[in-house]
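Engineer: The structure that follows is given in the form of structure tokens.
The values are calculated or read from the model by the stated rules, or taken from the named source; none is laboratory data. The structure presented is a predicted model; accordingly, all values stated were derived computationally and were not measured. Glycine also receives a Cβ, built like all others from the backbone with ideal geometry; neighbour counts cover every protein chain displayed. Heavy atoms of the whole protein, side chains included, go into the accessibility calculation; ligands, DNA and RNA do not. Shrake-Rupley method; radii C 1.70, N 1.55, O 1.52, S 1.80 Å.
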Amino acid sequence: PGSTNCQKKANQWRRWSSEVIPLLLPVFHAYLHLSESLQLPADLQTTACPLNCECEGRMLSIACILFDRMEHIDLWCCSCTSAPSQLLSMGLFACAPVTPSLAVDLQVLNLVRALFVHMSPNTTTWCEALEAFLSEQGYQLNTKVSCHCTLCSGPCMTLTAFTLQDSLQ
């Protein structure tokens, strides 16, 4: 079971780095411009279907971690516009490359990136601290975030993918 989980995470990382991140770069650059280099807060306005297409899709319920709150949004996704692309255009980075259930504010990720630069590398402790902080704020994640593999998931994978995207600018 452990090796299957690691293989799944390795496949997810390959998808992030070879498919998703390259497609997100133009969206990220556009958002940087619109947000004045992340000086403006994320805007969680969504539409039924951004491109008014007629292809099949589905509605995703996504928990969004912002600096001062946690919100849930419903996001319509189809083959024309991916969830990560729509979330990034709102100032959020998806925690999964296809069907995310969690997204994190880019400003929060910038803070976390700065924290990781100046602390000892213990991502499990950081994830547990994040969960405790959100719990104290009255929020609860539906799944346990754990970091038992080199290619971890959840917030740590999001930070890694976000950092990769930032380095490709």
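Engineer: Would you check which residues across segment 101-110 are open to solvent by 10 Å² or more (accessible area, probe 1.4 Å), touching a strand residue (DSSP E or B) at 6+ places or on another chain (Cβ under 9 Å) and part of a helix (DSSP H, G or I) and list them?
Structural biologist: Across segment 101-110, the qualifying residue is only Val108.
Engineer: Same structure again: Taking the stated definitions as given, is Leu38 assigned to a loop (DSSP other than H, G, I, E, B), farther than 24 Å from Thr125 by Cα and of a type in the set (A, V, I, L, M)?
Structural biologist: Values: assigned to a loop (DSSP other than H, G, I, E, B): yes; farther than 24 Å from Thr125 by Cα: yes; of a type in the set (A, V, I, L, M): yes.
Yes; evaluated as a whole, the condition is true for this residue.
Engineer: Looking only at strands (runs of 3 or more DSSP E) that fall completely inside segment 55-100, which ones have 1 or more residues that are open to solvent by less than 20 Å² (accessible area, probe 1.4 Å) and farther than 22 Å from Ile21 by Cα?
Structural biologist: Numbers: elements: 57-65, 70-78, 92-94.
In segment 55-100, the matching strands (runs of 3 or more DSSP E) lie at 70-78.
Engineer: Among what's in segment 111-131 and is open to solvent by less than 50 Å² (accessible area, probe 1.4 Å) and at pLDDT 80 or above, pick the residue that is nearest to the chain's Cα centre (by Cα).
Structural biologist: It comes out as Val112.
Engineer: Give Glu36, Glu19 a once-over and let me know the one that is open to solvent by 40 Å² or more (accessible area, probe 1.4 Å), on the phi > 0 side of the Ramachandran plot and of a type in the set (Asp, Glu).
Structural biologist: The match here is Glu36.
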